[in-house]
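Asks: The structure follows.
The values are calculated or read from the model by the stated rules, or taken from the named source; none is laboratory data. Keep in mind it's a predicted model, so treat the numbers as computed, not measured. Note that we place each Cβ from the backbone using ideal geometry, even for glycine, and neighbour counts take in every protein chain shown.
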Amino acid sequence: AKQEEGEERQSSSLSRRSTELSPCFATVERRPAKQEEMSATVQKLVKSTTSLACSAQKTLSSRIGAGYTELMANNAKYVLQDKSKLADMPKQYIFTHLAEMPTYMNQASKEWALTKGRLSSWRDLSAGEAAIGAIFTGELFAWFCVGEYIGRGFSLTGYSV
């Protein structure tokens, strides 16, 4: 009777320890002594790891929360108060940049006229300017080859048909 009482007390302490860890360990079968010692060690390790993880989570969440609050406070002027304007933003972005196109086109045509004038008198170019032109042409050809290589599916032999 004393042996059964001792086993029952040991079993109840084991189930009490397992329910302290997690409710999913509520039903634990009787284990040999070595397994119980190992189980107690594992439970202590899990408890210490859990407490460490909880403190790390609290620290990180407070730092992230503080960082987010600071970020939003510094950039509050960019937050739209009227959510109906949000739908217009993509169109505003596109048409704002399209409105700048005439300026870009004028600049490009001026640069093209300058380049055309320099190339028409190619015999007057210095050796340094000719070398820069040759290097630029080589780089342009290299990027063309890279594009072809990527377009062929990273194959040097040809296109897959």
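Asks: Can you pull out the residues in segment 92-132 that are under 43 Å from the mean Cα position of the chain (by Cα) and not in a helix (DSSP H, G or I)?
Replies: Taking segment 92-132 and keeping what is under 43 Å from the mean Cα position of the chain (by Cα), we get 92-112, 115, 131-132.
Scanning segment 92-132 gives a single hit, Glu100.
Asks: Looking at Ala76, is it surrounded by 10 or more Cβ atoms within 10 Å (Cβ to Cβ) and free of Cβ contacts under 8 Å to residues at least 24 places away in the same chain?
Replies: Working: surrounded by 10 or more Cβ atoms within 10 Å (Cβ to Cβ): no; free of Cβ contacts under 8 Å to residues at least 24 places away in the same chain: yes.
For Ala76, the condition - surrounded by 10 or more Cβ atoms within 10 Å (Cβ to Cβ) and free of Cβ contacts under 8 Å to residues at least 24 places away in the same chain - is not met.
Asks: Can Thr157 be described as assigned to a helix (DSSP H, G or I) and under 40 Å from the mean Cα position of the chain (by Cα)?
Replies: For Thr157, the condition - assigned to a helix (DSSP H, G or I) and under 40 Å from the mean Cα position of the chain (by Cα) - is not met.
One line per residue, one yes/no per condition, for (1) in a loop (DSSP other than H, G, I, E, B); (2) at pLDDT 50 or above:
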residue	(1), (2)
Glu5	no, yes
Arg17	no, no
Glu29	yes, yes
Lys44	no, yes
Ser48	no, yes
Ala56	no, yes
Gly65	no, yes
Leu86	no, yes
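Asks: Also, I was wondering about something else. Is it true that some residue in segment 70-84 is modelled with pLDDT under 85, out of contact with any Asp or Glu (no Cβ under 9 Å at 6 or more places or on another chain) and in a helix (DSSP H, G or I)?
Replies: Yes, the conditions are met somewhere in segment 70-84.
Asks: Please enumerate the residues belonging to segment 133-154 that are assigned to a helix (DSSP H, G or I) and among the basic types (Lys, Arg).
Replies: Going through segment 133-154, the residues assigned to a helix (DSSP H, G or I) turn out to be 133-151.
Across segment 133-154, there are no qualifying residues.
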